[in-house]
Amino acid sequence: MRNTGYYSQFGGAFIPEILVPTFDELESAYLEAKDDPEFWAEYLELMSTYSCRATPITRLDNLSEQLGGASIYVKREDLNHTGAHKANNVMGQGLLTKRMGKTRVIAETGAGQHGVATATMAAKFGFDCTIYMGAHDVARQRPNVFWMEQMGAEVIAVTEGSQTLKDAINEAFRDWVTNMDNTHYALGTACGPHPFPEMVSWFQSVIGTEARGQMLERTGKLPSKVYACVGGGSNAMGLFSGFMDDEDVELVGVEAGGRGRGTGQHAARLAYDDATIGVAQGYKTFFLQDRDGQMQDTHSVSAGLDYVGVSPILSHLFESKRVRFEAATDDEVVAAMQRTVRHEGLIPALESSHAFAQAYAEAPNLSKDEDILINMSGRADKDIFTVADAIDDPKWREFIIDKAKGYQQGMNQ
Ligand SMILES: *Cc1c(COP(=O)(O)O)cnc(C)c1O
């Protein structure tokens, strides 16, 4: 165990001896890049020409009026290439991979969004790419697997264990141990062993830095509250970092409440009190686990928030009370998304809609001269199957049935 990368008692790097040199190499490369203003300039240049940075902020004119309280602003991370803030992390790690002279990247993915983002980065930089994905997820997420393969990535369906995200993470580490010389593991969120939580948060800090300047320019003051959804915690860390030193800005993290408190079917590690502190997947944080340290099954309507652990930096900010944690249930989330689509013409991802749900619940109780800011971490194109099912749209069902019939009759070939 190495003694770096702790945020009070959370974090660390609980890794096998054989990976220590690789983590040392990564940490040095990250620290050197962080000290090199040219690296950040290159990163910003890449993100502005390949991924729509700086992303704008949008005021929700109609809903601010309807809710009758604070003015609601939205940071538009949905406008990134591949549709979410994930691009900030993977493109940064791509530049770092190049800097380390490596030629191959690997990644874990659950629903496939991080897999698509990593495959995109690999295609752009000319790296070989292998994506580990639980066999169950491969079966459920064909559209994402399709694009990863089109981009030249090899998608490996992991048939160990529960055949989902945590098994994919284990396989990715196994690959890394055998291929450390030429391979970088582009981990997808602000979790895992040091330096990943800190490094991923650094790449995502571009969100908060931009947002703080944009709010000041637009409104002449800072927002009173900022909201972000929390899966692993990377988009939240990105937005929050811009306001961390502004004591008057309340930071609100919104987790997946799933079917609600007390149901055991959620992924709220900090907002509910079911999680306990433990060490797994190479780091120490709050996990949803039983007394023997067995990871529990989590549930959320949004695949991207459906995870047992949480960023160790956020566990620290939870204990020190710098960040307030709340949870939104599946039903609240779908309603918040529909409301945003209907009245603003914006289509927030189910993950992001958790932050919207919480902000909508609080806005009416705030004064009209307050501003609040929501991070729209991504767009919902990927969620069309889930949302159409959740609201049970009959025309959508008809469309799917017709499409399937067409394939059976060979009409779509
Ligand atoms: C993956 C994803 C998330 C969850 O990841 P964090 O690391 O918690 O930010 C949130 N929103 C969207 C749109 C995602 O794709």
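What follows is calculated from the coordinates using simple rules that are stated; it is not laboratory data. Bear in mind that the values here come from a model prediction, so they are computed numbers and not experimental data. Note: ideal-geometry Cβ built from the backbone for every residue, glycine included; neighbour counts use all protein chains shown.
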Additional length obtainable on full extension of the chain from residue 146 to residue 170, 0.36 nm per residue less Cα span = 6.3 nm
key: Theoretical FRET efficiency, 1/(1+(r/R0)^6), r = Cβ-Cβ of residue 45 and residue 400, R0 51 Å, to 0.05   = 0.75
message = Could you give the length gained by full extension between residue 35 and residue 244, i.e. 0.36 nm per residue of separation minus their alpha carbon distance, to one decimal place?
response = 73.2 nm
key: Ordering of 12-21, 247-256, 194-203 by packing [mean C-beta count within 10 Å, highest first]   = 194-203, 247-256, 12-21
note = Beyond 29 Å (Cα-Cα) in this structure, taken from 225/395; 75/382; 102/321, we find 225/395; 102/321
inquiry  = Using a Förster radius of 30 Å, what is the FRET efficiency between residue 59 and residue 381 based on their Cβ-Cβ separation? Nearest 0.05, please.
reply    = 0.80
query = Which length gain, in nm to one decimal place, applies between residue 320 and residue 216 when the Cα-Cα distance is subtracted from 0.36 nm times their residue separation?
reply = 34.7 nm
query = Helix-derived [θ] at 222 nm for the chain: sum -39500 (n - 2.57) over DSSP H runs of at least 4, divide by residue count, nearest 500?
reply = -14000 deg cm²/dmol
key: Entries in 34/166; 86/221; 86/166 that, when Cα-Cα distance is taken, lie over 23 Å   = 34/166; 86/221
ask   = Hey, can you rank 230-236, 354-360 by average C-beta count inside 10 Å, highest first?
value = 230-236, 354-360
inquiry  = Can you tell me, using C-alpha contacts under 8 Å and at least 6 residues apart, the relative contact order of the chain as a whole percent?
reply    = 19 percent
inquiry  = Net charge around residue 57, counting only other residues with Cβ within less than 15 Å of its Cβ (Lys, Arg = +1; Asp, Glu = -1)?
reply    = +1
query = When only C-alpha pairs under 8 Å and at least 6 residues apart count, what is the relative contact order of segment 128-278, in percent?
reply = 15 percent
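Computed FRET efficiency, Cβ-Cβ of residue 104 and residue 18, R0 22 Å: what is it to the nearest 0.05?
It comes to 0.75.
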request  = Express as a percent, rounded to the nearest 5, the fraction of DSSP beta bridges in the chain (both residues included) that run antiparallel.
outcome  = 30 percent
query = With each pseudo-label sitting 7 Å past Cα toward Cβ, what's the residue 343-residue 292 distance in nm, one decimal?
reply = 4.9 nm
request  = Would you mind putting 41-50, 269-278 in packing order, based on average other-beta-carbon counts within 10 Å, highest first?
outcome  = 269-278, 41-50
note = Counting only DSSP beta bridges fully inside segment 228-335, the antiparallel percentage to nearest 5 is 45 percent
query = To one decimal place, what orientation-averaged projected area in nm² is obtained for the convex hull of the Cα set of segment 197-264?
reply = 5.5 nm²
ask   = What is the spin-label model distance, in nm, from residue 407 to residue 139 if the labels are put 7 Å beyond Cα along the C-beta direction?
value = 1.4 nm
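Restricting to DSSP loop positions (anything but H, G, I, E, B) with no more than 16 other Cβ atoms inside 10 Å of their own Cβ, which trypsin sites (Lys or Arg not before Pro) remain in segment 203-244?
Those that pass, being in a loop and sparsely packed, are 221.
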